[in-house]
Every structure is written in structure tokens, then in C-alpha cells.
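The values are calculated or read from the model by the stated rules, or taken from the named source; none is laboratory data. Since the structure is predicted, the reported quantities are computational estimates derived from the model, not experimental observations. Reconstructed Cβ throughout: ideal geometry from the backbone, glycine too, with neighbour counts over all protein chains shown.
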Amino acid sequence: MTRAVIFDLDGLIVDSEPLHQESFNRLLARHGIAYRIGEEEYGKVFVGVPVRENFEWLIENRGLQISVEQAIVEREAAFLELISNPRNIVVMPGARALIQALTARGIPIALATGASRAEAETMLRGIGITNHFRAVVTGSDAARGKPAPDIYLRALERLELRGEECLALEDSASGIAAAKAAGLRVIAVPNRFTRHQDLSRADKRVESLEHVEIED
């Protein structure tokens, strides 16, 4: 029995990974580094990895010469600038229809995202689904990001449900690991950046949210 469905955000509801990729490249350019992260490298090295680890990698491998803390602030500012324009925000296939269908059926939905509160709220406003979620838990609300289970555990607390009563929808290996560690069943919905990842821990895999079927 599925009493609630918990969604990831980046790469699942919103096709935001290209914007994240661009925000990293803008930061590199700003600091005089003549190197652009390509789509394949971004998918393999950056997606599903805590942003702090992203910058530790850039400092070690691409010669970025600022602190991790400064890099995090500058990259988020670049990303927020990109998503502040709703025309840059593309909804993933099937996302809006699935959210509306679950709402119509009275199945509660929640958001469990590693994005910051500011990033998540800006993207949700941009696609007009802010009021659909019973709980919105972001990376700003938990001590540890995915693959740690903290974000999902906080979402379960707010829903007042147990993990086995909920279904998670995730696009990345780290997200799947986080949801499974919190006791949820998981459907993997990979995108072009995460198809290469090991998603075998998911209970099921589908090609898009258009193919997700929820039994209540």
C-alpha cells in the first residue's frame, strides 16, 4: 500500500542538470579557468554528488583556487540567476501529469531534494506547483545530503508515515541509496545524465515519469 509518494526534484521533476552544469562553467570562467565541463563528464563526476565534493574535485583536478565555501556561494548565485527566469526551467516528461493525478486521487506527495531551500522554492514557483506538496524537505533542512537518509527521514517525519508506507521516485544512485536507507520502496527514473549510474538498488526502473504507475 502506498500512502504517500516522495519526489526528488533535480533531474526528475525539472530538467535542471544542464543549468547546474552551466552554473559550474560560469564559476570556472569567472575565475579565469579556460575549461568547460562537458555533458558526459558532468554526468559521471558531478551528478548525485554533494556539491562540497564537487568543488573539492575541481580544486584538485581543474586548478580552482578559491575555498570550497566561497565556491558553493558563488555557484548557487549563478544557478539562482539561471532559474530565476522561468523560461529556463523545463519540466520533465510526465511530471506535471503525475503530480496532478496523485493530488486528484488524494495521495499525499512530498519533496525530498538535496537542492537548497532557495533553489527548490525558485524552481517550484517557476513551474507553478508550489502548493501541491504536503512536505518540502531540502538540503538546507538536513545535516547530511544524499546518499545519507537524512532528507528522506525528515520528509517521513513531516508526513507522519513510516518508510515502508511510502514510495520514492529518484533519478540517481545517491538518491536511491538515500531512500532505501530510510526504508522506502524506490522507482528509478533516470535521465540522460544518470542512465550510466548503477541504479540496481531500485525496486523498479522506468524510462520516464509517464510510465510510473502508483497503486493505492
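Brief remarks follow.
- Scanning segment 129-155 for residues that are touching a strand residue (DSSP E or B) at 6+ places or on another chain (Cβ under 7 Å) and not in a helix (DSSP H, G or I) gives Phe133, Arg134, Ala135, Val136, Val137.
- For segment 81-114, the set of residues classified as more than 25 Å from Ser140 (Cα to Cα), among the polar types (S, T, N, Q) and not in a helix (DSSP H, G or I) is empty.
Table: residues versus (1) under 14 Å from the mean Cα position of the chain (by Cα); (2) without any contact (Cβ under 8 Å) to a residue 40 or more places away in the chain; (3) surrounded by 19 or more Cβ atoms within 10 Å (Cβ to Cβ).
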position	(1), (2), (3)
Ile59	no, yes, no
Ile66	no, yes, no
Glu76	no, no, no
Val91	yes, no, no
Gly114	yes, no, yes
Ala120	yes, no, yes
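- Residues considered: Ala78, Ala71, Ala120, Ala168. Of these, the only one that is modelled with pLDDT of 95 or more, in contact with a strand residue (DSSP E or B) (Cβ under 9 Å, 6 or more places away or on another chain) and either assigned by TED's automatic domain parsing to the domain that holds Ala29 or not in a helix (DSSP H, G or I) (or both) is Ala168.
- Condition met for Arg36 (among the charged types (D, E, K, R), not in a helix (DSSP H, G or I) and not assigned by TED's automatic domain parsing to the domain that holds Glu157): yes
- Here Gly126 meets the list (1) at pLDDT below 95; (2) in a loop (DSSP other than H, G, I, E, B) almost entirely, failing just condition (2).
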